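In what follows, a structure is listed as structure tokens, so that the remarks can point back to it.
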Amino acid sequence: MKYKSQKVAYWFFALCMLLFSLQIVYGFIMGFDRIGIQGLHEIIPFNVARAVHTNLLVVWLLTGFMGAAYYIIPEEAQHELISVKWAYVQLISLAIVGVVAIVGFHFNHWEGRKFLEIPRELDYLVVVNVLLFLFIIIGTLYKGKQKTTTALVLVMGLFFAALLYIPGMIWFDSQVMDSFFRWWVVHLWVEGVWELIMGGILSFLLIKLTGVDREVIEKWLYVIVGLTFLSGVLGTGHHYYYIGVNKIWLVVGGIFSALEPLAFLAMALFAVNMYRKGEKSHPNKIALFWTIGASIVSFIGAGLLGFAHTLPQTNLYTHGTLVTAMHGHYAFWGAYAMIVLAIISYALPNLTGRKRYASTQGMMAFWLSNIGMLGMTVAFGVAGVVQVYLERKMKMDFMVVQDEIAIHFVVLLICATMFTTGIVLFIYDFIKYGTPTDEALIED
């Protein structure tokens, strides 16, 4: 590492790994629930497990993004973080808010709004926490010697992610209005500004790992930013098909949903092209695998699988089925989880000074988790198609259909076990690296 304050990132990554582990545990609780093994149902009902599972996903990814920013911004700005002490305060307060929210879910203390279940009083603490984070990051960039396109795109994504949290805090008596603005948070995060965060991290990693000139790589960022705003904003319309708003959204949502894969296609072409142009001499092959893998899997999961069921003619049948789970799992894995694991894999050797580039555990973690996730996606997809046919075409009862597709969850759990083995190996490798040390500091 080039700056001592970059050590803060390690502890965000450590919290990230802990929250990711808990998310997987709750995923298994739901999986077993779906095949009739419900030993924990009285303690952790399915709706609670689902809320915890999805909210932990959001929190661990945001924690990873924050850790990435604390690592990347000092290097890009050529300046130490303006306050390491406040960065640790922000980390601790983020962990406390997360713990209180998750515990509260088990006692039905939530708002009950899908993906935004966190209670209102904790919303305000989240806002304060994120404002503190932005103050440190933007302040560091402002005081730095340079302001690169990579840093600006990353900070822009983080800033707009914070800004778009606010519509989800507005109270509406109308269910239609509430749903309308709730998707400003959910959709415009994952199919909008989070893509900018991914683009910024991807750009940084490709500059470091491929040796391609910064100017060449950063030109691609302008294309990605343009495509993200072109398609992502009005692409929100595919969530408005059936919530009670004007029919114009069927047209707008359909057209711009068809354009949404372009941003992810640009990122995939960008990463593969830079790899082919690069020197291919960087020793950290594990980080390179995660980086290139993220760009390709995100295009398939977020781009192609998203497009496959967001056109109005298709979504009429697939809406609210396991087809959505198929898209959601592979999209989040490729676009955001893999890029977080990529920056962790790149940063750990630099933070700790331990060059475990050829770790067998690291490579096995990559392949097992990816093969496992692909299997889970296929299982969700097959179950979803069967569900659509039986429910929407054959008009069978919902609960009867759930019994019919239970076998697919057996397959899903087998694949999830492979996925989890990969993540356990990744965490094992993380622990083996040890904690950051000042001996890892290098001179420019």
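General observations
- Ala263 meets the conditions (1) at pLDDT below 90; (2) of a type outside the set (Asp, Glu); (3) open to solvent by 20 Å² or more (accessible area, probe 1.4 Å) in every case but one. The failed one is (3).
- Among residues of the stretch 372-405, those that are part of a helix (DSSP H, G or I) and open to solvent by 60 Å² or more (accessible area, probe 1.4 Å), counted: 12
- Of all residues in the stretch 27-36, none satisfies being in a helix (DSSP H, G or I), closer than 16 Å to Gly139 by Cβ and not basic (Lys, Arg).
- For the residues Thr314, Thr352, Thr291, the requirement of being open to solvent by less than 60 Å² (accessible area, probe 1.4 Å) and within 30 Å of Lys395 (Cβ to Cβ) singles out Thr314.
- So Ile102, is it farther than 27 Å from Leu122 by Cα, open to solvent by less than 50 Å² (accessible area, probe 1.4 Å) and in contact (Cβ under 8 Å) with a residue 24 or more places away in the chain: no
- Restricting the stretch 112-123 to residues that are among the charged types (D, E, K, R) and surrounded by fewer than 16 Cβ atoms within 10 Å (Cβ to Cβ), the residue that is farthest from Arg50 (Cα to Cα): Glu121
- Within the stretch 406-434, the set of residues being open to solvent by less than 70 Å² (accessible area, probe 1.4 Å) and either closer than 21 Å to Tyr10 by Cβ or of a type in the set (Gly, Ala, Ser) (or both) comprises Ala406, Ala416, Gly422, Ile423, Leu425, Phe426, Ile427, Asp429, Phe430, Tyr433, Gly434.
- Among the residues listed as Val130, Val97, Val153, Val89, the single one being surrounded by fewer than 16 Cβ atoms within 10 Å (Cβ to Cβ) and either at negative phi or under 24 Å from the mean Cα position of the chain (by Cα) (or both): Val89
- Yes/no for Ala49 being farther than 18 Å from Leu154 by Cα, within 25 Å of the chain's Cα centre (by Cα) and open to solvent by less than 20 Å² (accessible area, probe 1.4 Å): yes
- Scanning the stretch 1-20 for residues being open to solvent by less than 40 Å² (accessible area, probe 1.4 Å) and of a type outside the set (A, V, I, L, M, F, W, C) gives a total of 4.
- Within the stretch 204-216, tally of residues that are touching a Phe, Trp or Tyr at 6+ places or on another chain (Cβ under 8 Å) and more than 17 Å from Ile344 (Cβ to Cβ): 1
- Where a residue in the stretch 173-197 is closer than 19 Å to Phe264 by Cβ and hydrophobic (A, V, I, L, M, F, W, C) and its partner, wherever it lies, is open to solvent by 10 Å² or more (accessible area, probe 1.4 Å) and assigned to a loop (DSSP other than H, G, I, E, B), with Cβ under 6 Å and at least six apart: Val186/Phe115; Leu188/Leu164
- Here Ala271 clears all of (1) surrounded by fewer than 17 Cβ atoms within 10 Å (Cβ to Cβ); (2) under 17 Å from Gly301 (Cβ atoms) except the condition numbered (1).
- When residues of the stretch 274-288 are limited to those that are among the basic types (Lys, Arg) and either over 16 Å from Leu202 (Cβ atoms) or in contact with a strand residue (DSSP E or B) (Cβ under 9 Å, 6 or more places away or on another chain) (or both), the one surrounded by the fewest Cβ atoms within 10 Å (Cβ to Cβ): Lys280
Residues checked against (1) modelled with pLDDT of 90 or more; (2) surrounded by fewer than 23 Cβ atoms within 10 Å (Cβ to Cβ); (3) under 26 Å from Ala68 (Cα atoms):
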site	(1), (2), (3)
Val176	yes, yes, no
Phe180	yes, yes, no
Trp184	yes, yes, yes
His187	yes, yes, yes
Gly199	yes, no, yes
Thr210	yes, no, yes
Gly235	yes, no, no
Lys247	yes, yes, no
Gly253	yes, yes, no
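- Given (1) open to solvent by 80 Å² or more (accessible area, probe 1.4 Å); (2) without any contact (Cβ under 8 Å) to a residue 60 or more places away in the chain, number of the condition Ser369 does not satisfy: (1)
- Residues that are over 27 Å from Gln38 (Cβ atoms), basic (Lys, Arg) and in a helix (DSSP H, G or I) occur at least once in the stretch 427-437.
The values are calculated or read from the model by the stated rules, or taken from the named source; none is laboratory data. Values in this document were obtained by computation on a predicted structure and should not be read as measured data. When we count neighbours, we look across all protein chains shown, and the Cβ atoms used for this are built from the backbone with ideal geometry, even at glycine. Keep in mind that these areas ignore ligands, DNA and RNA; they rest on the heavy atoms of the full protein, side chains included. Shrake-Rupley method; radii C 1.70, N 1.55, O 1.52, S 1.80 Å.
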